Protein chains: 2
Amino acid sequence: MSKYCFGVDLGGTTVKIGLFDTEGTVLDKWEIPTRKEDSGSKILPDIADAVLGKIAEKKIAKDDITGVGIGVPGPVDDKGVVHMAVNLGWGVININEVLGGLLQVPVKAGNDANVAALGEMWCGGGKGCSDMVLATLGTGVGGGIIVNGKMVTGATGAGGEIGHIHIEDDEPDACGCGGHGCLEQYASATGIARLANRKLAATTQDSVLRAAKERGAVSAKTVFDAVKNGDALACEIAEEFGEYLGKGLAAIACVVNPEVIVLGGGVSKAGGILCEYVAKYYKKYVFHGCRGAQFKLATLGNDAGIYGAAKLVLE
Amino acid sequence: MSKYCFGVDLGGTTVKIGLFDTEGTVLDKWEIPTRKEDSGSKILPDIADAVLGKIAEKKIAKDDITGVGIGVPGPVDDKGVVHMAVNLGWGVININEVLGGLLQVPVKAGNDANVAALGEMWCGGGKGCSDMVLATLGTGVGGGIIVNGKMVTGATGAGGEIGHIHIEDDEPDACGCGGHGCLEQYASATGIARLANRKLAATTQDSVLRAAKERGAVSAKTVFDAVKNGDALACEIAEEFGEYLGKGLAAIACVVNPEVIVLGGGVSKAGGILCEYVAKYYKKYVFHGCRGAQFKLATLGNDAGIYGAAKLVLE
């Protein structure tokens, strides 16, 4: 019976690494820089050195290690092959084989957003459930789908790309993906700021957000802070946001019928009020058989990736 | 190594039963009536008698039977519990236990639409793939989602209820589920007839469908027959249908990223032209990472249920 596993969260700037026991307790965690030079060729050797160094430092026997899981910012297929992680300078690379060869322990790679969902299911907002949706509301909207306790990767690693569900026919601006009217254009931090700026431009109604706009400081945070202070215009913006995201999550629920929907990412720092705005419209639009899904906030923050990566090798 | 399994498709009027080998060859198939009297209490004993009779007739040893799978018209949870199959007069019943007790072989129950998807993956339009979406376009729109070769049941058995994805904000009429603007209201056989009648009422444009309307004979079949004859108004209706269903399937693809999307049910008798209308709008609305999904027609027809039920016990 193995005692330990490692979870690695590979980001564009830093690599977070955690040493876990198989029950989900973090025994150690640390970071190393992501060296992207030379087409990212130093990244996996750096990670291998860091993990092997920790194994030596802690005097861990290799037989006591289940493996090393790793979340990568790009689509990863079931065999651990990354196809074009542009942020890292990578082309096509089989992480399971390359990093596994360097470490001589089993390696399992997954997409970072999907892996974070696995982490929240294991030890976070979705703990104890096996059918879960994570919506990560950050600069964009990422997602991870858990069905029967396992990550949904999909045929080409694009499972859980919920930010690009088409949700609005009348959107003049293009999304980063090239589409028009993607969920991400309304439910991300930048999307909420966009909704706010549009609303401010369309009315003359008084609001604390007007001063923020003059300072160029309209953000998801200023909007939800204003909501908490009862600002009427900010509340209208939160309703719009809640309707878009609630409607999108209702569509997702008709596909996978989750027990719990977890909201994470920077926007989720707004707290429980966020769940209220989203759940209101979710219940309006969802099929009655899926109405019982609970809304919860993510609890692992930036550590969701290392938790999920560790869980990946325990599956 | 077992040699045989049974697949049972329990419908409101008849029960279809198939005897299969474990490779997916039908060795025998037959039907018995569904006796719904006495709150449906005769249904499972009738099925048990039919299966046991066949076992005796074919002189099959019980050890050579992997089990009996059964598709049921209602939500079924992972333990085989049906909660209210109103068409059958049932309340809450654990099919796996009750039918398993009668047969003394393992029994596994699933929702009929989900089970049909498993059948199409095993031996039909989705053969050879493990990530698949089946959209069954009949009186309503049913669905089944296959992820990593397994059926997505969901937390309360409502996985794959894709007919109730909210797709249209401006719908005055209510769907059977109580919602407004569900995919089923546009993409089912009745939905297509509704789109056609609305279109005919809204214009004076000439069309062969006008004569059909006077006979009260506007249907999905008359619409697609007219499309094949180049009727301009019918083609506009097919575009509307294709846009609704393509947009809905694009949302589903952002969740589970299927390799193949199979169109089944009565409407799919229209043939390949149906896939063309749907794929056109799917490609317009879907995230680029999911654009490669192939559209195929279901091939098992009314036998999808017995195939999928048999496969259920082989999982």
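Quick notes
- Computed from backbone phi, the HN-Hα couplings of region A:260-271 come to 9, 10, 9, 9, x, x, x, 4, 5, 5, 4, x Hz, rounded to whole numbers (Karplus: 6.51 cos²θ - 1.76 cosθ + 1.60, θ = phi - 60°; Gly and Pro given as x).
- Taking a quarter of the surface of the Cα convex hull of region A:1-159 gives a mean projected area of 9.1 nm².
- 5 angstrom amide H check on residue B:111, placed H, neighbours 5+ away: B:72, B:76
- Computed FRET value (nearest 0.05) for residue B:201 with residue B:273, which takes r as the C-beta separation and R₀ as 22 Å: 0.35
- Taking amide hydrogens as placed 1.01 Å from N in the peptide plane, the amide H of residue B:171 sits under 5 Å from that of no residue at least 5 positions away in sequence or on another chain.
- Per-selection Kirkwood Rh - region B:222-262 (Cα, Å, 1 d.p.): 11.5
- The local environment of residue B:291, defined by Cβ-Cβ distances under 13 Å, has a net charge of +1 under the rule Lys, Arg +1 and Asp, Glu -1.
- Rel. contact order, % - alpha carbon contacts under 8 angstrom, at least six apart, chain B: 21
- In the context of the full set of protein chains, region A:114-264 has a per residue accessible area of 32 Å² (1.4 Å probe).
- Contact residues in region B:131-160 (at least 40 Å² less accessible area with all protein chains than alone, 1.4 Å probe): B:148, B:152, B:155, B:158.
- Helical segments meeting 27 Å axial Cα length and Kyte-Doolittle -1.0 threshold in chain A (DSSP H): A:232-256
- For chain B, built as a Gaussian network whose Cα springs stay under 10 Å, the top-fluctuating residue of B:215, B:35, B:198: B:215
- Separation of the residue B:23 and residue B:92 label points, Cα + 7 Å toward Cβ, nm: 4.4
- Using a probe radius of 1.4 angstrom, the carbon and sulfur fraction of the accessible surface of chain B is 51%.
- Label-to-label distance, residue A:79 versus residue A:302, with points set 7 angstrom from Cα along the beta-carbon direction: 3.5 nm.
- With distances taken between every two different alpha-carbon atoms, chain A has a Kirkwood hydrodynamic radius of 20.3 Å.
- Nearest-0.05 FRET efficiency for residue A:173 and residue B:235, computed from C-beta distance (R0 41 Å): 0.85
- Estimated from helices alone, the mean residue ellipticity of the protein assembly as shown at 222 nm is -12000 deg cm²/dmol (sum of -39500 (n - 2.57) over DSSP H runs with n ≥ 4, per residue).
- Accessible area per residue, Å², region A:7-107 with all protein chains present, probe 1.4 Å: 46
- Kirkwood Rh, Cα atoms: Rg over Rh of region B:141-292: 0.98
- Over the protein assembly as shown: Kirkwood hydrodynamic radius from C-alpha pairwise inverse distances, Å: 26.0
- Region A:58-145: relative contact order as a whole-number percent, Cα under 8 Å and 6+ apart: 24
- Euclidean distance between Cα centres, region B:22-86 to region B:120-143, Å: 22
- 5 angstrom amide H check on residue B:124, placed H, neighbours 5+ away: none
- Anisotropy class of region B:221-315 from Cα gyration tensor, a/c 1.5 cut: oblate
- Summed side-chain charge close to residue A:178 - residues other than residue A:178 whose Cβ falls under 14 Å, Lys, Arg +1, Asp, Glu -1: -1
- Threshold 50 Å² - residues in region B:248-264 whose accessible area is reduced by that much or more when the chain is no longer isolated, probe 1.4 Å: B:254, B:255, B:257
- Reported to the nearest whole Å, the Cα centre-to-centre distance from region A:164-180 to region A:250-315 is 22.
- The relative contact order of region A:1-125, computed from alpha carbon pairs under 8 Å that lie at least 6 residues apart in sequence, is 25 percent.
- Here is the interface size for A with B: some 2700 Å² of accessible area buried, both sides summed, with a 1.4 Å probe.
The values are calculated or read from the model by the stated rules, or taken from the named source; none is laboratory data. All values derive from a computational prediction rather than experimental measurement. Using ideal geometry, Cβ is built from the backbone for each residue, glycine included, and neighbour counts are taken over all protein chains shown. For the accessible areas, the whole protein counts, side chains as well, though only heavy atoms, and no ligand, DNA or RNA atoms are used. Shrake-Rupley method; radii C 1.70, N 1.55, O 1.52, S 1.80 Å.
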